[in-house]
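Asks: What follows is a structure written as structure tokens; I'll ask about it next.
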Amino acid sequence: MKFFCDDNLGRLAKWLRTLGFDTLFFDEISDKELVSKALKEDRIILTRDTKLVELKVVSKYLLIQSDIPLKQLKQVKEKFNLETSEEKLFTRCPVCNTPLVKIEKEKVKDKVPTYVYKTQLNFVFCKRCNKIFWSATHVERMKHRLKENSILD
Ligand SMILES: [Zn+2]
């Protein structure tokens, strides 16, 4: 299941990617472009814009009700029965949607702060952003928020 968030739903896109779901989002994109890309790639459009879904060609979409990103995420999860798991968390870059790859600890030595290198075991890498990610306190906070909202199974 692949998604396309409209330009109002950037934070929802980040959450979906964090949960491992293939989700496109662009800051600036015309409705026409968004719809044609979504159709071509067989993506479900997530939008707050009723005008967008009135376009006759759009068949797969969900009209998002809340302003609050975690509530939006919950709506998507419930509507499409999304399966979420801790294993799938942080498998996709929240910034650009590229799948993250594991990178050996020795290889990141000169690229992360010394403290991080000394205290962390697992590192993942985004080829496109050229960024290294590791689990840190904010990751635990995110997990907690997902569990609190009954989003993480
Ligand atoms: Zn990236």
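Each value in this text was obtained by applying a stated rule to the coordinates, not by laboratory testing. A quick note: this is a predicted structure, and the numbers were derived from the prediction, not measured. Here Cβ is always computed from backbone atoms with ideal geometry, including for glycine, and neighbour counts include all displayed protein chains.
Asks: Can you give the net charge of the other residues whose Cβ lies under 15 Å from the Cβ of P113, counting K and R as +1 and D and E as -1? The partial results should precede the final answer.
Replies: Working: positive: K105, K109, K111, K118, K131; negative: D110.
Here the charged neighbours net out to +4.
Asks: A further question follows. Running a GNM on the chain with Cα contacts under 10 Å, which residue among L100, L39, L24 ends up with the highest mean-square fluctuation?
Replies: Highest fluctuation of the listed residues: L39.
Asks: On to the next question. If I stretch the segment between K32 and S66 completely, what's the gain in nm (0.36 nm per residue apart, minus their alpha carbon distance), one decimal?
Replies: 9.8 nm
Asks: Let me ask something additional. Neighbouring Cβ atoms within 10 Å as the yardstick, rank V116, V35 fewest first.
Replies: V116, V35
Asks: Now for a different question. Could you tell me the center-to-center distance, by alpha carbons, between the stretch 101-153 and the stretch 1-80 in angstrom?
Replies: 26 Å
Asks: Counting only C-alpha contacts under 8 Å and six or more residues apart, can you give the relative contact order of the stretch 3-86 as a whole percent?
Replies: Working: 99 pairs, mean separation 24.8, N = 84.
Result for the stretch 3-86 is 30 percent.
Asks: How far, in nm, would the chain grow between E83 and C129 when pulled straight, counting 0.36 nm per residue and subtracting the alpha carbon separation?
Replies: Values: separation 46, 0.36 × 46 = 16.56 nm, distance 2.69 nm.
Result: 13.9 nm gained on full extension.
Asks: Under 14 Å Cα to Cα from K74, which aspartates and glutamates show up? Leave out anything in the same chain fewer than 8 places away.
Replies: Straight-line reach from K74, under 14 Å: E83, E148, D153.
Asks: Starting from 0.36 nm per residue, how many nanometres of slack lie between V57 and T98 once their C-alpha separation is accounted for?
Replies: 12.0 nm
Asks: Can you give me the relative contact order of the chain as a percent, contacts being Cα pairs under 8 Å and 6 or more apart?
Replies: Details: 216 pairs, mean separation 32.8, N = 153.
Rounded, it is 21 percent for the chain.
Asks: Which aspartates and glutamates does K14 reach when only Cα atoms under 14 Å apart count, and residues fewer than 8 places away in its own chain are ignored?
Replies: D6, D22, D27
Asks: Continuing with the same structure: Convert each backbone phi in the stretch 6-21 into a coupling constant with the Karplus relation 6.51 cos²θ - 1.76 cosθ + 1.60 (shift: θ = phi - 60°), then list the ³J(HN,Hα) values in order as whole Hz, x for Gly and Pro.
Replies: Using θ = phi - 60°, the values come out as 6, 5, 8, 10, x, 6, 4, 4, 5, 5, 4, 4, 4, 7, x, 8 Hz.
Asks: Shifting gears a bit: Would you count, across the stretch 91-134, every pair of lysines whose alpha carbons are under 15 angstrom apart, provided the pair is eight or more residues apart or spans two chains?
Replies: Taking the stretch 91-134 as the scope, the lysine pair count is 12.
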